[in-house]
Structure formats: C-alpha cells, structure tokens
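Here is the structure we will look at.
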Amino acid sequence: MSDNTPWQSPAGPSASPPPSPYATSGATPPPPAGPPGWTPPPKPGLIPLRPLTLGTLLGAAFQVLRRNPRPTFGFALLLTGLIFVVTLLAVGFVSFFALSRIASATGADEDAVAAGSVATIILSGLVPVVLSIVVTAVLQAIIVLEVARGTVGEKLRLPGLWRAAKGRIGAVIGWALLLTGAAVAALAILSVVIGLSIAFGGTAGLVIGIILGVLAAGAAIAVAFWLGTRLCLVPSALMLERLPLRAAITRSWSLTTGYFWKTLGIQLLVAVIIQTVAGIISAPLQVLLGFSGFLINPNGETDGLIAGAVVLYLLTIILSVVFGAIAAVIQSATTALIYIDLRMRKEGLDLELNRFVEARQAGNGSVPDPYLQRVATHGAEPHAPSSPSPWS
C-alpha cells in the first residue's frame, strides 16, 4: 500500500529560508569569498625578498647603477679616475726622468745608470698596482653595503655608506692585499723553477721548462677560478656580518658549497655581458677615431696627425675610465647579490629581511640587523657582531 501524500518539511509547509537582510535594503550582496591565494613576498627595494632567479639577479646588478648613482657610479668613476691620474704621474714622470738620465749617461756609468733607471721604472709601476688593489677593495666594500641597504628599501648617500663601513674597510683591503701577495708569491716561485730548469738543463731543460710552463699555466687558471669562486663572498661576510678574516673565509667557503658552478657561471656571464657591451660601443668609436687625423686635416700635415692622435688617446682614456667604473660596480653588486641569495636559500635570510622591513614600516627602530641573524635550524649558530651594527 502506498502513501500519495507529498513530502513536507518537518517544520511544516509554511517553513521557508530566512529572508536576506539585503532584500529590504536594496543593497547588493557581497560576492562569495574564494579560496585564499598565494601572495608573493614584498619587494621593498632592490630585489624581492625571496630566493632570486637568474634574471632577477642580473637585473638587480645593473639596477644598482640607476637606483643610487652618486655613491655607486659616481664614486667608482672618481676612484677609477684617481687610479689613472696616479698612474700617469707616478709612471709617466718617473719614466721621463729615468729615460732622460739614461740618455745623458756617459761611458762607464751608462750600464749602471740604465739598470738603475729600469729598476726605478719597474718600482714606480708597483704604485698604481697597489693603489688599484686598495681602491677596488674600498669600492667593493661600499657596493656591498649599498646592495644590502637597497634590499630592504633604504637609500644612503656616500657619507652614510662610509659611516656604515667604518671599521671594516681595512679588513677588506687587507684581504685584497693578501690575495694579491699570495698570487705574486706563487707566480714568482713558479718563474724561478722554470727559469732554473731552462738555464741549467740544456736542451732537455728547455723542453721540460716549456712543458712545465704550459701545465702550470693551465693549473694556475683552474686554481684561480676555483679559489676565486669559493672565496668571492669574503668581502660580503666581512662587511655585513662583521666577521674576522679567518671566520669570513670559512663563511664564504660554507655558503658556496653546493653552489660552486652557479656562482662561477653567474660571475662569468656578467663579465661576458660587460665586455660584449663595451666592445660593441667602443669598436665603431675606434674606427672613427682611427680616421680622426685625416678628418681634422685631410692634407696630411704633421700637426693634423698629432691632433688626431691626441683626440684618439683622450677619448680612449675617457671610455676606459667610464667602462671601468661601470664594470667595477656591476661585478661588485653581482657578488653581493649572490651572497644574499645563497643566505636566503641556505639559512632563510628572506624571513629575517621580511621581519626587518615589516618592523621598520611599523615604526619599530629597535629591530636587530637581519644580516647578523643566523638561523639555528640551518646549522648556523647566532653570533654577536664584533662592532656596533651600522643598521642601528
């Protein structure tokens, strides 16, 4: 037997859904909330606060020049120009007087004067070399700080960056001189060994010396790339973590472990880009300047040729100084960005940077320096700075 009575709600036939509060007011109901989506980390300044892609890293390295040009490109241009002026004065004048002395030497004293003059010229050439090492180290220290401050959205003038670098520039200069001294010592020892082999080994010694020189050159290039990559982050560790030199060397070695080829590849790629751009720009200029004497004086007079040579020399110098400054800034910035990226990947530095930015935006100026914070879960212990933080 079947029941034909239609089904009704337990609340009775008159039950209906509760009226919407928007029906009487005429307001449009809000759309239903969708599932929460992923929000990318903020980009308060130079880079987004997350591990960097290759494109982001390369773009940021070149952006350093545009973002804060005075303490980056301007400072680099000043230092590069200083190196050229010192080189011109130290080597140029010393060479002029030394050659004049050789020309005026007579008879028995001629050989001794020539030997002394050549030694003087060689020694004068060491002055710009040492100065170049020091200047490059100073510029690298300033650019490391500029990249670090730019990462959290801060922009300092050169005096502010200089104050932040106080007490650490000497360590970076010492590291640069130590590297140069080690390279020179290794080259000197190798040269002596090859020279003795050629001088006292006869024909066999000559062959052995040549083979040894070729093998040593290849080995030296490989070792230079290897050590240069593993130790390239030492200046960043010295400046940002304010570590002593020995600890900074260990720190760079640790950070590049597992990322050797990536670090080397990025640095080589940046160097190739810079050299390619410089070649593209300078090649047409060199062709035009090669005809400068003819364009200035088509009759081929001596004065016109000299004027063309002077113009060519001056423009070549200006071009070299400008591109030298640009290359120094970009390469230093690239190394600093690699340091920050590796710490994000291996230690979660991006979390510390986000906390720092959020606290500063909230008006909290007592937040500690994020670059001095080590994440214990990533195998590193927190450490105290060896000197007051430049961030405070």
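The values are calculated or read from the model by the stated rules, or taken from the named source; none is laboratory data. A quick note: this is a predicted structure, and the numbers were derived from the prediction, not measured. FYI the Cβ positions are ideal-geometry reconstructions off the backbone, even for glycines, and counts take in every protein chain you see.
Summary table below
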read-out: Residues of the range 69-106 satisfying the condition of being without any contact (Cβ under 8 Å) to a residue 12 or more places away in the chain, assigned to a helix (DSSP H, G or I) and of a type in the set (A, V, I, L, M, F, W, C); value: Leu78, Val85, Leu88, Leu89, Phe93, Phe96, Phe97, Ala103
read-out: Residue identified as free of Cβ contacts under 8 Å to residues at least 12 places away in the same chain, of a type in the set (Val, Ile, Thr), surrounded by 12 or more Cβ atoms within 10 Å (Cβ to Cβ) and in contact with a helix residue (DSSP H, G or I) (Cβ under 6 Å, 6 or more places away or on another chain) among Ile194, Ile208; value: Ile208
read-out: Scope the range 163-184; condition within 22 Å of Leu353 (Cα to Cα) and assigned to a helix (DSSP H, G or I); matching residues; value: Arg163, Ala164
read-out: Any hit, the range 73-96, residues being in contact with a Gly (Cβ under 8 Å, 6 or more places away or on another chain), surrounded by 16 or more Cβ atoms within 10 Å (Cβ to Cβ) and either modelled with pLDDT under 75 or charged (D, E, K, R) (or both); value: no
read-out: Pairs with Cβ under 7 Å, 6+ apart, first in the range 112-127 and surrounded by 14 or more Cβ atoms within 10 Å (Cβ to Cβ), second of a type in the set (Ser, Thr, Tyr); value: Ile121/Ser95
read-out: Positions within the range 48-72 being at pLDDT 90 or above and among the charged types (D, E, K, R), in sequence order; value: Arg50
read-out: Near pairs, Cβ below 8 angstrom, 6+ apart or cross-chain, from the range 217-233 (over 22 Å from Ile173 (Cα atoms)) to any residue that is of a type in the set (A, V, I, L, M, F, W, C) and assigned to a helix (DSSP H, G or I); value: Ala220/Ala186; Ala220/Leu187; Ala220/Leu190
read-out: Any hit, the range 24-47, residues being part of a helix (DSSP H, G or I), surrounded by fewer than 15 Cβ atoms within 10 Å (Cβ to Cβ) and either at pLDDT below 90 or of a type outside the set (Ser, Thr, Tyr) (or both); value: yes
read-out: Residue within the range 301-323 that is modelled with pLDDT under 70, buried (at least 19 other Cβ atoms within 10 Å of the Cβ), over 30 Å from Val147 (Cβ atoms) and of a type outside the set (D, E, K, R) present; value: yes
read-out: Only one of Leu268, Leu238, Leu264, Leu227 that is closer than 18 Å to Leu177 by Cα and either of a type in the set (D, E, K, R) or within 16 Å of the chain's Cα centre (by Cα) (or both); value: Leu238
read-out: One residue from Leu179, Leu156 being over 21 Å from Ser132 (Cα atoms), of a type outside the set (Phe, Trp, Tyr) and buried (at least 16 other Cβ atoms within 10 Å of the Cβ); value: Leu156
read-out: Any hit, the range 53-67, residues being charged (D, E, K, R) and under 32 Å from the mean Cα position of the chain (by Cα); value: yes
